[in-house]
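K.L.:
Below you'll find the structure I mean.
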Amino acid sequence: MDTDSTERPPVDQDAKEVSEETKPAAPSEASVLPQKRPAEDDAPPMSKNALKRLRKQQEWEAGKEDRKQKRKESRQARRVRKREERAALVAQGIDPDAHKTQKPPSVSVPVSLIFDCDFEQYMMDKELVSLGSQITRSYSENKNARFRTHMFVSGWNGKLAARFHEVLEDKHKNWKGIDFLEGDFIACAEEARKKMQDNGGKMVEPLQKSVNEKIPWERDERDPFPMPDPEPEPREEYKDIVYLSSDSPYTLERLEPNTSYVIGGLVDKNREKGLCYKRARQLGIRTARLPIGQYMVMASRQVLATNHVVEIMLKWLEYENWGDAFLSVIPKRKGGQLRQQEGASGEVEDEDEGEEEEVHESAPEAETEEAASKP
């Protein structure tokens, strides 16, 4: 007979089953094998230059709000200073507006300028920033020009559109006289055609002369880089479109009314050769180059920033003279002189000889964002 008086507690079968289920399983063969690292761990480490660029970008982003506040304070201080100067003149009995020159009103004309921005795959991020600044400057120049053209931006998507949306806070949506379209430059030209036909502007004297004189569209035999084969005839429905390209064997003699001039939105320091010209030829679009070589002697390359091309065309409408237009726009550091002003040797002295020049410039952020905020 069992003399042990201690009673054993009854076994809870349900608890036992739960305990068995929660017991950690023995490691499988697969789990003890070394695991492959994520793909990003396999990537090579960043170079010193890449790290330096990343650090500078991060510092730039971190200081964005401070720069914005400083620009605001600077604008406010400028307004206060102008008010004080005006009040001081009034106190002396001087009319502040007496010596102001009255600027003639801007006149809209039936000419369209289109920026073809479908080249993002060929540009780096900093070049896209530069292009955005050039478009902003172009808009500002056109808005204040004596003769104002219609403006369009084609291929409006991707990183460039995102920058205007995020960094410039969609201020471009308040701009007047310019349209941003996702379609290509041909779609923009169709919209431009409608605008120019429907009360599209005044037929000013330089444009009327273009109609009266009817300069033939002929291949320029003076082309320093002649193409091996003749350019095909433009398609009939596209005869009111001209794609501007320094590679074209045709020279732009005059601007024509009811015509769209396409400017390639490409900032790449001339890495890609002939992209704009090839695109136009494939589509049966007329091409032309500005007559810079006929009027100017340059100490550096003849590739101009987008906004400079726009300014030159606007100045031609005002002066009806390419030489005056080039001279008033081309930066002096490029060493440009009118051909009749060059020396006996035919050479122009370059003050910055030996220094590589950046052809396409980006506007300072303060200037760009301030211009972007004005409709």
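The values are calculated or read from the model by the stated rules, or taken from the named source; none is laboratory data. This structure is a prediction, so every number in the text was calculated from the model and none was measured. Virtual Cβ from ideal backbone geometry, glycine too; neighbours counted across all protein chains shown.
K.L.:
Restricting to segment 62-90, what's the tally of residues that are surrounded by 12 or more Cβ atoms within 10 Å (Cβ to Cβ) and over 29 Å from V167 (Cβ atoms)?
P.N.:
2
K.L.:
Something else about it: Can you tell me how many residues in segment 91-123 are surrounded by fewer than 11 Cβ atoms within 10 Å (Cβ to Cβ) and farther than 30 Å from V310 by Cα? Spell out the reasoning first.
P.N.:
Filtering segment 91-123 for residues surrounded by fewer than 11 Cβ atoms within 10 Å (Cβ to Cβ) gives 91-93, 95, 97-105, 121.
Checking the rest, the ones that are also farther than 30 Å from V310 by Cα come to 91-93, 95, 97-99.
Of the residues in that region, 7 qualify.
K.L.:
Now for a separate question. Out of A325, A288, I need the residue that is farther than 22 Å from S154 by Cβ, among the aliphatic types (A, V, I, L, M) and either buried (at least 21 other Cβ atoms within 10 Å of the Cβ) or at pLDDT 90 or above (or both). Which one?
P.N.:
The match here is A325.
K.L.:
Here are some conditions: (1) under 12 Å from the mean Cα position of the chain (by Cα); (2) not in a loop (DSSP other than H, G, I, E, B). S140 meets all but one. Which one does it not meet?
P.N.:
Failed condition: (1).
K.L.:
Looking at segment 43-51, can you tell me whether even one residue there is surrounded by 10 or more Cβ atoms within 10 Å (Cβ to Cβ), under 41 Å from the mean Cα position of the chain (by Cα), modelled with pLDDT of 80 or more and in a helix (DSSP H, G or I)?
P.N.:
Yes: segment 43-51 contains one or more residues that are surrounded by 10 or more Cβ atoms within 10 Å (Cβ to Cβ), under 41 Å from the mean Cα position of the chain (by Cα), modelled with pLDDT of 80 or more and in a helix (DSSP H, G or I).
K.L.:
Considering N142, N199, which residue is surrounded by fewer than 18 Cβ atoms within 10 Å (Cβ to Cβ) and of a type outside the set (V, I, T)? Steps first, answer last, please.
P.N.:
Values: N142 fails: surrounded by fewer than 18 Cβ atoms within 10 Å (Cβ to Cβ).
Going through N142, N199 in turn, just one is surrounded by fewer than 18 Cβ atoms within 10 Å (Cβ to Cβ) and of a type outside the set (V, I, T): N199.
K.L.:
When you scan segment 194-203, do you find a residue that is closer than 19 Å to N142 by Cα, in contact with a Leu (Cβ under 7 Å, 6 or more places away or on another chain) and of a type outside the set (S, T, N, Q), even just one? Spell out how you get there, then give the answer.
P.N.:
In the first step, residues of segment 194-203 are kept if they are closer than 19 Å to N142 by Cα; the result is 195-196, 199-203.
So of that shortlist, the ones also in contact with a Leu (Cβ under 7 Å, 6 or more places away or on another chain) come out as none.
No: segment 194-203 contains no residue that is closer than 19 Å to N142 by Cα, in contact with a Leu (Cβ under 7 Å, 6 or more places away or on another chain) and of a type outside the set (S, T, N, Q).
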